[in-house]
Amino acid sequence: MSITAKLNDISVGKKLGAGFSLLVLITIVLVYVSVDRLGDYHDRSVIVATVSSAESNLIRARVAVKYFQMTREIGHRREAERFADRAASSLIPLKESLVVAEDNTRVDSVVESIQRYKSLLGELAQNLDSSRSVVQRLEAQMTEVAQDMVGITGELQNIQVQRMDEDFSVAVTQLSVIALLGVAISILIAWYMIQAITRPIRETVNVANKVAS
């Protein structure tokens, strides 16, 4: 028995049930893909926000260091250390979210640079009354470390934003394909159901006409 014959033997109710079940399955797949992609997009946005906050704290730490150099008040030094610690403490948990090894390497590099920056700040505090050349050397080292930290955090942000755009494009493509597939299957099911319902009616009418004639 051919497949067409087997399908014709199935009742209309079962055909309708099978068709609607297939549409429900496609809808579930569409929802699953949407939620999954939205979750990835949300994770990326959290990473970007966290890195941006860390970068802001690093800049604040740099400003506090400048105030410390001008006023020599210990409070500004403590403030700079506090901002630096905030930046490090916000970046370290990101290693659980970052799946690319290069991104984790960047986070490690920034955290190590923060510790180096704090160490140089301690040396600067101890040598404020030393010769100008010593102070300038420490300032130059701190500036270099600060620029590296801000540069790496900015690079990490840009990479995550780029990946967000890529995830968005992939999500749009996948959802569009699934939606078009759902529409095509819906049209096919509708056409098949119409044929399944109208064909027996036409055959009955033809038989009736023959009998009548």
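The values are calculated or read from the model by the stated rules, or taken from the named source; none is laboratory data. Predicted, not measured: the structure shown is a model, and the values here were computed from it. No Cβ is skipped: glycine too gets one built from the backbone with ideal geometry, and neighbour counts run over all protein chains shown. Surface accessibility is based on the protein's heavy atoms, side chains included, excluding ligands, DNA and RNA. Shrake-Rupley method; radii C 1.70, N 1.55, O 1.52, S 1.80 Å.
Just give me the residues in region 123-133 being in a helix (DSSP H, G or I) and open to solvent by 40 Å² or more (accessible area, probe 1.4 Å), in sequence order.
Narrowing region 123-133 to residues in a helix (DSSP H, G or I): 123-126, 132-133.
Listed by number, the residues that qualify are E123, Q126, R132, S133.
Quick grid of which residues meet (1) within 26 Å of the chain's Cα centre (by Cα); (2) of a type in the set (D, E); (3) at pLDDT 90 or above:
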residue: K95; (1), (2), (3): yes, no, no
residue: D108; (1), (2), (3): yes, yes, yes
residue: V135; (1), (2), (3): no, no, no
residue: A140; (1), (2), (3): no, no, yes
residue: V145; (1), (2), (3): no, no, yes
residue: Q157; (1), (2), (3): yes, no, no
residue: Q162; (1), (2), (3): yes, no, no
residue: L180; (1), (2), (3): yes, no, no
Q: Take S186 and decide whether it is among the polar types (S, T, N, Q) and either at pLDDT 80 or above or over 22 Å from A18 (Cα atoms) (or both).
A: no
Q: Kindly indicate whether I197 is touching a residue at least 40 places away in the same chain (Cβ under 8 Å), open to solvent by 40 Å² or more (accessible area, probe 1.4 Å) and more than 27 Å from the chain's Cα centre (by Cα).
A: yes
Q) Do we have G39 as modelled with pLDDT of 90 or more, in a helix (DSSP H, G or I) and surrounded by fewer than 12 Cβ atoms within 10 Å (Cβ to Cβ) here? A) no
Q: Identify the single condition in (1) surrounded by 15 or more Cβ atoms within 10 Å (Cβ to Cβ); (2) over 30 Å from G75 (Cα atoms); (3) modelled with pLDDT of 75 or more; (4) not polar (S, T, N, Q) that K15 does not satisfy, given that it satisfies every other one.
A: (3)
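Out of the residues in region 146-184 meeting the condition of being among the β-branched types (V, I, T) and farther than 21 Å from K95 by Cβ, tell me which one is least open to solvent (accessible area, probe 1.4 Å).
If we take residues in region 146-184 being among the β-branched types (V, I, T) and farther than 21 Å from K95 by Cβ, then I178 is least open to solvent (accessible area, probe 1.4 Å).
Could we say that T50 is exposed (fewer than 15 other Cβ atoms within 10 Å of the Cβ) and touching a residue at least 40 places away in the same chain (Cβ under 8 Å) here?
Values: exposed (fewer than 15 other Cβ atoms within 10 Å of the Cβ): no; touching a residue at least 40 places away in the same chain (Cβ under 8 Å): yes.
Criteria not met by T50.
Among the candidates Y67, Y117, which residue alone is surrounded by 13 or more Cβ atoms within 10 Å (Cβ to Cβ), of a type in the set (F, W, Y), free of Cβ contacts under 8 Å to residues at least 24 places away in the same chain and at negative phi? Before you say what the answer is, go through the steps one by one.
Numbers: Y117 fails: free of Cβ contacts under 8 Å to residues at least 24 places away in the same chain.
Result: Y67 is the single residue among Y67, Y117 that is surrounded by 13 or more Cβ atoms within 10 Å (Cβ to Cβ), of a type in the set (F, W, Y), free of Cβ contacts under 8 Å to residues at least 24 places away in the same chain and at negative phi.
Go through region 109-138 and report how many residues are out of contact with any helix residue (DSSP H, G or I) (no Cβ under 8 Å at 6 or more places or on another chain) and basic (K, R).
At the first step, the residues of region 109-138 found to be out of contact with any helix residue (DSSP H, G or I) (no Cβ under 8 Å at 6 or more places or on another chain) are 112, 119, 122, 126, 129-134, 136-137.
With the extra rule that they be basic (K, R), the set shrinks to 132, 137.
Result for region 109-138: 2.
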